Structure formats: structure tokens, C-alpha cells
């Protein structure tokens, strides 16, 4: 097992109730669904600092929105302060949507007007600060906007070219720096997120 795999397995999961899953019999009433960083990495197709940041930001936002209760999947609206093709904000939003259930116009339309996930994930390039994410509970209207303050650079940039040249053999210095970037995000915890108006 690689160190990156180990980090993904050891990160605490995000637990959420999913009323749709309960209705369909995929989960017993009140039994939470567990979403791990490994799941997020599988969904994204890789694990990187951006995937880890999206996962940890979602965890923190849900803690702030559901202070004394279990978060509810499909009942959180998410708005990214960016366009989907700016930087890594599209993939970032997909990881947030994966955990919360929020989807764009191609999302699940619900059953008889209930449990719709459609249009719960949006992009607003005019919102500020750029790159922040607004999380909003649909049932109460409670909102929190978070911006990430990334940890110090890990020096992975200069190693990319040599790693690509070394393919198909693994480039261990590059992989170590990449892993250090993910580890830095996980170690920073909530300190890397700023609550903004």
C-alpha cells in the first residue's frame, strides 16, 4: 500500500443521512452513509491536494450547518464563486457534489417532487471572494461561505516534467512531493478554511 492510499484510508469519513436511500431501502432509517476520502479519490479518478481540500471543506461546512445533528444528503445547495472551467473549480465542485448529493441540471430529478438533487450545484463567477464556496441548508436557509487558504507549496511543480519523462516507471521524488501536498491539507484541518461573508 502506498502512503497516499494509507492517507486516504486513515482520513475520517463524512457521515450523512440520505432520506432517498432510506426510502428506496438502500439504507435503514437513520443509518448514515459513510463517504471516505478514498471514495472521493475513486470518484475523481485520483487523489490530489484539490480533492483533499474539497473533501475537507465539505466536512467543515457540514459541521457548521448541522451543529447538533447528522447532515442530510440532498438537502444542501452549493454555489461555487467561479466558472466551472476556471482552475480546478469544476473537479472541486464535483467532489463537493459527490458528498452532499448536490448536482447541476443533469442531476436526479426526484420522485413525486421529493429528493431532487437537480440544480443544487451552481457556479456564480460574479460571487466574491473568487474560489469560495457557499453551502446552504435547504430546510432552514442556514448558510456558510468558506474560502480555502492552501498550505505552503510542496515543490511538486518542478518535479512534474521529470516525472512525465520517467514514465512508465514511477518517479519517487514526484510521488513523495505529491503525497506531501495531500498530507499538508489533511494536517491543516479547519485552520485552512476561512469563513467569509
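Bear in mind that the values in this text are calculations on the coordinates, not laboratory data. Since this is a predicted model, take the numbers as computed values, not measurements. Neighbour counts are summed over all protein chains in view; Cβ atoms, including those assigned to glycine, are modelled from backbone coordinates with ideal geometry.
Once you keep just the Cα pairs under 8 angstrom separated by 6 or more residues, what percentage relative contact order results for the stretch 68-126?
42 percent
For the chain, what are Rg and Dmax over the alpha carbons, in angstrom?
Calculated on Cα positions, Rg and Dmax stand at 17.5, 55 Å.
Can you tell me, using C-alpha contacts under 8 Å and at least 6 residues apart, the relative contact order of the chain as a whole percent?
Details: 323 pairs, mean separation 42.1, N = 197.
About 21 percent, as a whole number.
Among 158-168, 50-60, 67-77, 26-36, how do they line up from the highest to the lowest mean number of other beta-carbon atoms within 10 Å? Numbers along the way, then the final one.
Numbers: 158-168: 11.4, 50-60: 24.0, 67-77: 17.1, 26-36: 13.4.
Top to bottom by mean Cβ count within 10 Å: 50-60, 67-77, 26-36, 158-168.
List, largest first, the extents of the alpha carbons of the stretch 46-163 along their principal axes, each in whole Å.
54, 31, 28
What number, rounded to the nearest 500 deg cm²/dmol, is the helix-based mean residue ellipticity at 222 nm of the chain, given -39500 (n - 2.57) per DSSP H run of at least four residues and division by all its residues? Display every interim value, and only then the final one.
Details: 7 runs with 78 residues, N = 197.
Counting only the DSSP helices, I get -12000 deg cm²/dmol.
Evaluate the relative contact order of the stretch 1-88 (contact order divided by residue number), counting alpha-carbon pairs under 8 angstrom at least 6 apart; express in whole percent. Before the final figure, lay out the partial values.
Values: 70 pairs, mean separation 26.2, N = 88.
Across the stretch 1-88, relative contact order equals 30 percent.
Find the Rg to Rh ratio for the stretch 1-91, where Rh is the Kirkwood radius over alpha-carbon pairs and Rg uses the same atoms. Please list the in-between numbers first.
Numbers: Rg = 14.5 Å, Rh = 14.6 Å.
On the Cα set of the stretch 1-91, Rg over Rh gives 0.99.
Taking the Cα atoms only, what angle lies between the long axis of helix 172-188 and the longest principal axis of the chain, rounded to 10 degrees?
40 degrees
Compute a Gaussian network model of the chain, connecting alpha carbons closer than 10 Å, and tell me which residue from 127, 169, 40 fluctuates the most.
With Cα springs under 10 Å in the chain, the top fluctuation among 127, 169, 40 is at 169.
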